[in-house]
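One structure is given below, encoded as structure tokens.
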Amino acid sequence: MFIYLMRHGETDWNKRTCFQGQTDVPLNDYGRKLAEITSEALKEVAFEAVFCSPLIRAVETAQIMLRDRPLTLIKDERLKEISFGVKEGSNIEEMRNNPQEPFYYLLREPGNYVPPEGAESLPQLYSRSASFMQERILPLEKEYETILIVAHGAMNRSIVNPIAGIPMSDFWNIKMPNCTVSLLSLQNGRFDVVEKAKIYY
């Protein structure tokens, strides 16, 4: 089975380099355009099931990807982006350059990151993405050949990194701009990475 793992299109918060987390920010026009281009590039792929985060930016992207395929989006709470708690909306570059901020460590030394109030740790993120993959995707191996998952930057890394053998300390190792698609395979109960974060635009 092949799994196309896609990050959502651009939002205004992406454009302003703000932490979005679980704040429900819609796509902007450019984000919709990126999703349309990616959808056109993958129009011949016969997706048989589509899973997505319930956050609107992922839902909109998945709907564009569906095109005229007669499929129902399957939304799963476990595919939401990592929560940044009280810091959602903060500027990423400001956090990256301030050692007094907890997100300085998330961005520069992920292995030493301690989340602020209301935020998730990386182990918590890994736990829920693993739960989703084991409970929702693994059982589909004998049922489907090709599925699509639309989620978020940190969420998608928490799926790809363990499969690729990338340690948590190198969490940001794979660059995943908006609408990038990673291709995974599932065979005999084993996930593998076929291609990391391909860009179609």
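Readers should treat all values here as calculations from the given coordinates under stated rules, not as data from a laboratory. As the structure is a prediction and not an experimental result, all values here were calculated from the model. Quick reminder, even Gly has a Cβ in these numbers, built from the backbone with ideal geometry, and neighbours come from all protein chains shown.
Rounded to the nearest 0.05, the FRET efficiency derived from the C-beta distance between Asn173 and Ala41 at R0 = 25 Å is 0.50.
Highest GNM mean-square fluctuation among Asn173, Asn188, Asn112, for the chain modelled with Cα contacts below 10 Å: Asn188. Stretching Asn97 away from Gln134 to a fully extended chain increases their span by 9.6 nm, per 0.36 nm per residue minus the current alpha-carbon distance.
Near the amide H of Ser90, within less than 5 Å, lie the amide hydrogens of Phe19, all on another chain or at least 5 residues away, with H placed in the peptide plane.
Among the trypsin sites (Lys or Arg not before Pro) within the stretch 79-179, those in coil by DSSP and having at most 16 neighbouring Cβ atoms inside 10 Å are Lys142, Lys175. Ordering Leu125, Ile159, Ile149 by Cα displacement along the dipole of the stretch 62-166 toward the positive end leaves Ile149 in first place; charges were set at the Cβ atoms of Lys, Arg (+1) and Asp, Glu (-1).
Projection of the Cα convex hull of the stretch 97-172, averaged over all directions and equal to a quarter of that hull's surface, yields 5.9 nm². Working note: Cα atoms of the stretch 140-201, range along each principal axis, descending, whole Å: 33, 28, 17. When the inverse distances between all different Cα atoms of the stretch 15-96 are averaged and flipped, the Kirkwood radius reads 14.1 angstrom.
Straight-line cross-link reach from Lys43 at under 25 Å between alpha-carbon atoms covers these lysines, not counting any fewer than eight positions away in the same chain: Lys33, Lys75, Lys142, Lys175, Lys196, Lys198.
What share of Cα pairs, in percent, lie more than 15 angstrom apart in the stretch 67-119?
Here the tail beyond 15 Å accounts for 57 percent of pairs.
If you take the square roots of the eigenvalues of the alpha-carbon gyration tensor of the stretch 33-151 and sort them as a ≥ b ≥ c, do you get rounded (a/c under 1.5), prolate (a/b over b/c) or oblate? Prolate shape, in that a/c is at least 1.5 and a/b is the bigger ratio.
When shorter helices are ignored and each DSSP H run of at least 4 residues is given -39500 (n - 2.57), the per-residue value for the chain at 222 nm works out to -9000 deg cm²/dmol.
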